[in-house]
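J.: Could you have a look at this structure, given as structure tokens, before my questions?
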Amino acid sequence: MQDNKIRSRLKAQLSKFATQLNESLSKPLGRFVGEMLFGIQASQDVKLRNIARSLEEDIPLIKTENRLSPNLKAKELGARLGARLASLGSRRAEANTVLCLDLSDVRKEYAEKMEYLDKVWDRSEGEVHQGYRLLSVTAAEVRGSEITPLSQKLFSAQAKDFVSENAEILAAVDQVRTHTGGRGIWAIDWGGNRKKLLEPLLERRERFVIRSVGQRSVVNRKRQRVTVNIWRPPADSAITLA
């Protein structure tokens, strides 16, 4: 009985969110997104079979899988859901909200037939492995604990429409800034101190904080050339952001 109550409450909460998220989708795709959100939460898994099982439909499991599977190929899902998520999330972005842009990866070392499998560098393990690159943008307040997802995309250098990693990053920046209207401060860790990123960010008049590796020669607002050094705090120091 308790499980049924929790299940009903979860469905109601997700249904409300899915209604907002699905505004630009057709009714069948909107229903699909709602079922996938519920299935992922209920099963704590992203495998289609486990998602289908969690829906508990009165039909054979394979029929539920076959019903869900074709929708995963719908081209409008990524573009429309991505734009809608950025629109909804950006409403919580204020003038000094931190917009964290992170480059990571998804490891697929046992995959053999996945489309456009690439070789990616795993910084934590210090090795190259099979997988995909992952680009995420989340909003966070310096003095808060909540984070708001704004954008996320898997991409591969092997894909036919791939241009460059810089192009992927700037596309994510442009998608988010369309909805934030200049609010927020970009924070980019590894890989952000490239000329092909710094110049476009300056041209867009975006505010940003980027990690500098080693020494970099830059031109400041007074058109003076200065050298920027990376600063590493002592291991036992405590840093407070004002």
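J.: Which one of these is in contact with an Asp or Glu (Cβ under 6 Å, 6 or more places away or on another chain) and either in the same structural domain as residue 188 (by TED's automatic domain parsing) or polar (S, T, N, Q) (or both): 19, 64?
T.: Result of the check over 19, 64: 64.
J.: If you don't mind, there's one more thing I want to ask. Do we have residue 64 as surrounded by 14 or more Cβ atoms within 10 Å (Cβ to Cβ), among the polar types (S, T, N, Q) and part of a strand (DSSP E or B) here?
T.: No.
J.: In the stretch 89-103, how many are out of contact with any Gly (no Cβ under 8 Å at 6 or more places or on another chain) and assigned to a strand (DSSP E or B)?
T.: Matching residues across the stretch 89-103 total 2.
J.: A further question on this structure: Report yes if some residue within the stretch 70-85 is touching a strand residue (DSSP E or B) at 6+ places or on another chain (Cβ under 7 Å) and either at pLDDT 90 or above or not small (Gly, Ala, Ser) (or both); otherwise report no.
T.: yes
J.: So which pairs qualify, if the first residue must be in the stretch 188-211 and modelled with pLDDT of 85 or more and outside any helix (DSSP H, G or I), the second must be of a type in the set (Phe, Trp, Tyr) and surrounded by 14 or more Cβ atoms within 10 Å (Cβ to Cβ), the Cβ gap must be under 6 Å, and the two must be at least 6 apart or on different chains?
T.: Every condition considered, the pairs that remain are 206/186; 208/186.
J.: For residue 14, are the conditions met, namely being in a helix (DSSP H, G or I), hydrophobic (A, V, I, L, M, F, W, C) and at pLDDT below 90?
T.: yes
J.: Related question: Write out, first by first residue and then by second, each pair whose Cβ atoms fall under 9 Å of each other, whose residues are 6+ apart or on separate chains, and whose first residue, in the stretch 87-106, is over 24 Å from residue 117 (Cβ atoms) while the second is β-branched (Val, Ile, Thr) and in a loop (DSSP other than H, G, I, E, B).
T.: Every condition considered, the pairs that remain are 96/142; 97/142; 98/142.
J.: Evaluate the following for residue 52: is it of a type outside the set (Ser, Thr, Tyr), crowded, with 16+ Cβ neighbours inside 10 Å and part of a loop (DSSP other than H, G, I, E, B)?
T.: no
J.: Against the condition surrounded by 11 or more Cβ atoms within 10 Å (Cβ to Cβ) and either aliphatic (A, V, I, L, M) or closer than 30 Å to residue 128 by Cβ (or both), how does residue 72 come out, does it pass?
T.: No.
J.: If a residue has to be small (Gly, Ala, Ser), within 18 Å of residue 174 (Cβ to Cβ) and out of contact with any helix residue (DSSP H, G or I) (no Cβ under 6 Å at 6 or more places or on another chain) to count, how many in the stretch 45-104 make the cut?
T.: Going through the stretch 45-104 one residue at a time, the tally reaches 5.
J.: Okay, next question. What is the number of the single condition among (1) surrounded by 12 or more Cβ atoms within 10 Å (Cβ to Cβ); (2) touching a Leu at 6+ places or on another chain (Cβ under 6 Å); (3) over 24 Å from residue 79 (Cα atoms) that residue 132 does not meet?
T.: Against the list (1) surrounded by 12 or more Cβ atoms within 10 Å (Cβ to Cβ); (2) touching a Leu at 6+ places or on another chain (Cβ under 6 Å); (3) over 24 Å from residue 79 (Cα atoms), residue 132 comes up short only on (3).
J.: If you take the residues of the stretch 107-129 that are in a strand (DSSP E or B) and without any contact (Cβ under 8 Å) to a residue 40 or more places away in the chain, which of them is surrounded by the most Cβ atoms within 10 Å (Cβ to Cβ)?
T.: 120
J.: Then there's this: Out of (1) in a helix (DSSP H, G or I); (2) modelled with pLDDT of 85 or more; (3) surrounded by 13 or more Cβ atoms within 10 Å (Cβ to Cβ), what's the single condition that is false for residue 28?
T.: (3)
J.: Now for a separate question. Hey, residue 227 hits all of (1) modelled with pLDDT under 90; (2) on the phi > 0 side of the Ramachandran plot but one; which does it fall short on?
T.: (2)
The values are calculated or read from the model by the stated rules, or taken from the named source; none is laboratory data. No experiment lies behind these values; they were computed from the predicted model shown. So basically every Cβ, Gly included, is an ideal-geometry build from the backbone, and we count neighbours across all protein chains shown.
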